[in-house]
């Protein structure tokens, strides 16, 4: 048990640090944009977030799907097949995210309109999208390579690469926005260069041959590509759900509260990005252990690691919510010092933030089913959580209880998801008992 806990910490701690640092790519932009350009620019960045989230969704689908299948292959002692899975994942990521980036670079204004940008926000949103997506492949490469390098037994390098990227991003954000006055475009370019620095460091893992993975032209196999996509679909749904949820919230908030409401939700989004990165970091930290032991057929260890992830996330979520209650206004003021905006945002995040406690459990459950290639259940949980429960609540609650229903809707969505998970567990246990009785 002690050795398993040590192994859990070896993967989970660097993963958490790496994910939280990676989240700073977006959050630091928010702080510098809010302070150096203004609340309107902050709202523009938030309107652009669904496209950035879509890029992340595509990348993480190929990455987490490939990582799960690769780790299972390693557990089965099929290292060459595992390496080919890794390389096929990279090819898919470059092809798909390259096309999405190109569309955003050529048609940023049209994209901004589709995202619901008002006349005041179109210019800023389009400018941020164009410059951010110029570095789209660097963004995807940083996310993908950090995951595969971690799964290849080098979690510390993955963490260091993301930290260096964040430091580069922060330094360039200050330089471009406050010294050179590049505005919202400067924030996007700073993020892109930060991500490229991460990619360069991660590539040293392969050049120095630190693990089992190697870079070469892969054998593209249709059945393996399907397996990667199938295993990664739950992660895609999780990420796309975030984009859909942000878009839905923006549309409702613009209609009911106005631009100041979008700026407030933008700040909540930045804070949420860092906090959810902690939960996702724990989940991604347990994924290699779950997949590897699943491949070996050691299901006792799979269950033990899963429970470790649940306990860690739940305790962390309680601590985080207390921090929000006590230091919420101070954290919000980092982004903007407008007192009315701070009050609106704090009143909202006190309600909205409670959803983290329940989300911490739901996220680990999705990862567990994804890591064991139980895609149907993972997909059902992900779709219900992000695209059904929360959005239905977002549409209905404000009509019944007013604007406060906007912030309560995310809690109701997570609670409904938890009940769904409990129901699925009950069904599984019932089926298992019935099969034992038949025997």
Residue-normalised 222 nm signal for the chain, counting each DSSP H run of n ≥ 4 as -39,500 (n - 2.57), nearest 500 deg cm²/dmol, is -30000 deg cm²/dmol
The exposure ranking of 191, 101, fewest beta-carbon neighbours within 10 Å first, is 101, 191
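What ranking do 77-88, 370-381 get when scored by the average of other Cβ atoms within 10 Å per residue, highest first?
Top to bottom by mean Cβ count within 10 Å: 370-381, 77-88.
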Nearest 10, in degrees from 0 to 90: the angle of helix 299-333 to the longest Cα principal axis of the chain is 10 degrees
Cα-Cα pairs in the range 1-110 separated by more than 25 Å, as a whole percent of all pairs, come to 44 percent
To the nearest 10 degrees, the tilt of helix 184-207 (Cα long axis) against the first principal axis of the alpha carbons of the chain is 20 degrees
Stokes-Einstein, Kirkwood over Cα pairs, the range 48-181, 25 °C, 0.890 mPa s; D in µm²/s equals 149 µm²/s
Per residue, the convex hull enclosing the alpha carbons of the range 2-434 has a volume in Å³ of 135 Å³
The alpha-carbon center of the range 172-233 and that of the range 78-155 are separated, in whole Å, by 9 Å
Given 37 °C, 0.692 mPa s and a Kirkwood radius over Cα pairs, the Stokes-Einstein diffusion coefficient of the range 249-377 in µm²/s is 202 µm²/s
So, with points 7 Å from each Cα along the Cβ direction, the residue 217-residue 299 label distance in nm works out to 4.3 nm
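Sort 240, 47 so the one with the fewest other Cβ atoms within 10 Å of its own Cβ comes first. Walk me through the numbers on the way to the answer.
Values: 240 22, 47 26.
Ascending Cβ contact count within 10 Å gives the list 240, 47.
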Binned at 5 Å starting from 0, the alpha-carbon pair-distance distribution of the range 65-134 in whole percents comes out as 3, 17, 18, 11, 9, 9, 9, 9, 7, 5, 2, 0
Least to most buried among 270, 299, 216, by other C-beta atoms within 10 Å and fewest first, runs 216, 299, 270
With 0.36 nm assigned to each residue of separation and the Cα-Cα distance removed, residue 376 to residue 203 gains 58.9 nm
Mean separation of Cα contacts under 8 Å (at least 6 apart) over the residue count of the range 2-434, i.e. the relative contact order in percent, is 24 percent
Relative contact order in percent for the range 242-315 (Cα pairs under 8 Å, 6+ apart) equals 23 percent
Compactness summary of the range 118-235: radius of gyration and Dmax from Cα atoms, Å, are 17.5, 52
Nearest 10, in degrees from 0 to 90: the angle of helix 155-174 to the longest Cα principal axis of the chain is 10 degrees
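Read-outs: derived from the displayed coordinates by stated rules, not from any lab. Only a predicted model underlies this, so the values are computations on that prediction, with no experimental measurement involved. Heads up, the Cβs are rebuilt from the backbone with ideal geometry, glycines too, and the neighbour counts pull from every protein chain shown.
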